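Heads up: the structure comes next, in structure tokens.
The values are calculated or read from the model by the stated rules, or taken from the named source; none is laboratory data. This one's a predicted model, so the numbers in the text were calculated from it and none came from an experiment. Note that we place each Cβ from the backbone using ideal geometry, even for glycine, and neighbour counts take in every protein chain shown.
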Amino acid sequence: MTSAITLPFVSEAAYVHGAGARRTVLFEAETVACTPMRVFPEPEPGHYDFEDTGYAFPAVTLTTLNDVVVRGRSNLLTAPDAVLRHDILDLETDVPAEEFEGRLHLLDGCAAAWAPCDPFKVDYLARGAAFTDAAAWNYAHWMSEVLPRVAAFLGSEEQAGSPLILDADLHPNLMRSIERLAGPERPIYRLGRDHLVRVGVLHNVSPTGYARYKPRGQTRSAIGHGVFSTQALSRMVEAVRGAGDAGAEPGDRVKLYLHRGSSLRRLVNQAEIEQALTARGFAVVEPEGLTFDDQVALFTRARIVVGGAGAAITNLLFCRPDCPVITLVPRTADTGYWYWRNMAAAVGVRVMSATGEAAEAEDAPANGLVGDQPYRVDVRDVLDAVAEAEAMPSAPTR
């Protein structure tokens, strides 16, 4: 077995500066304003950081690189003389997925080597655009971190004729979202997790959204709540909906409760909440059982959305600005409690939250930062949130 090759581990910006690669700005840097979020019941002072009223997001760029290796299930790129990471990743606070999974070895944070036992199969493309990612299989990360990058690329002058390099084995709904953006004729190159492709001319779009895969350290300051580009996410939403979308008539609007079947963050009194909400005219839906097209149409028509924190809530991206979204979450301080609010702010949707205590402490994960333990939310708090949502004045539709 040959030994691993160690290369400098650098940000794409640093590499572009040194190598003189071409980089253009697709969307300018911005500051995303977040309105104060209502939480039910009102939390104890200091439990949440209510002074966090916004975040900065860097410019979204398109870089053209020569002779680069793309790996399946990874957004790290390997040039002949360096391994490239995107510019938001901070190695002092973030553990990239490739390091966590043992695929990449970091040496003092300034050099990296792919694991020598990492199996691979090498192919070659003359040209392509990379959209592989360790979290691409996850609907929330796909919709906020991968698909908006595709939308941004397809709106650029460089997109003509370039195959889209995607991870293999993506859910049909994710592939349908690509078809909604790119059309059925766009060439797609599917890359397996253990495969590589060397690309002669590679186009790479910088992040449109980012949430830490794992924090480096277990302190509250290490928690990442997610940041997102309003321009990139809005471009994606508009493109997915299509220019011919006429919007929903007021009589068509529906109130939705999202049934969650996952064992992670299991809402132990979900049946009780569903019963209370159906009595108030809510429809109970299971988004994971719907096609992508049906999810887009359903959430575009939504009047109010209530659901446990999970992938299905990501469909708030398709809600109208006058559709409040109420997330049900465990009341734990060391979780990304602003994640959905930050995402919603990027597309102008209002989020509230009803929180609950852990229900079965013995089933809680060893890592208290994960916040995946079962929990219970008081029905009265859910109904209070719904009452406030129903009283909100309508906002202009988009």
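The table that follows gives values for the structure above.
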| item | result |
| --- | --- |
| Considering residues of the stretch 201-228 that are touching a Lys or Arg at 6+ places or on another chain (Cβ under 9 Å) and outside any strand (DSSP E or B) only, the residue modelled with the lowest pLDDT | ALA222 |
| All positions within the stretch 235-264 that are modelled with pLDDT of 90 or more, within 27 Å of ALA385 (Cα to Cα), out of contact with any Ser or Thr (no Cβ under 9 Å at 6 or more places or on another chain) and outside any loop (DSSP other than H, G, I, E, B) | VAL237, VAL254, LYS255, LEU256, LEU258 |
| Residue pairs meeting the criteria (Cβ under 8 Å; at least 6 apart or on separate chains; first in contact (Cβ under 8 Å) with a residue 40 or more places away in the chain, in the stretch 177-192; second surrounded by 15 or more Cβ atoms within 10 Å (Cβ to Cβ) and hydroxyl-bearing (Ser, Thr, Tyr)) | LEU191/THR132 |
| Single condition VAL305 does not satisfy, out of (1) among the aliphatic types (A, V, I, L, M); (2) more than 30 Å from HIS47 (Cα to Cα); (3) touching a Leu at 6+ places or on another chain (Cβ under 6 Å) | (2) |
| VAL122 vs. criteria β-branched (Val, Ile, Thr) and either in the same structural domain as ALA345 (by TED's automatic domain parsing) or modelled with pLDDT under 95 (or both) | yes |
| Qualifying residue in the stretch 168-186 (condition: on the phi > 0 side of the Ramachandran plot and more than 22 Å from the chain's Cα centre (by Cα)) | yes |
| Those strands (runs of 3 or more DSSP E) lying entirely in the stretch 1-113 with at least 1 residues loosely packed, with under 14 Cβ neighbours inside 10 Å | 6-11, 22-27, 30-33, 54-57, 60-71, 104-107 |
| Set GLU92, GLU44: member being assigned by TED's automatic domain parsing to the domain that holds GLY192 and charged (D, E, K, R) | GLU92 |
| Residue in the stretch 32-45 that is within 22 Å of TRP142 (Cα to Cα) and in contact with a strand residue (DSSP E or B) (Cβ under 7 Å, 6 or more places away or on another chain) present | yes |
| Elements of type helices (runs of 4 or more DSSP H) in the stretch 269-360, at least 1 residues being more than 18 Å from the chain's Cα centre (by Cα), at negative phi and surrounded by fewer than 24 Cβ atoms within 10 Å (Cβ to Cβ) | 270-278, 292-300 |
| Test: residue in the stretch 42-58 that is among the aromatic types (Phe, Trp, Tyr) and within 29 Å of CYS110 (Cα to Cα) | yes |
| PHE100 modelled with pLDDT of 90 or more and either touching a strand residue (DSSP E or B) at 6+ places or on another chain (Cβ under 6 Å) or among the basic types (Lys, Arg) (or both) | yes |
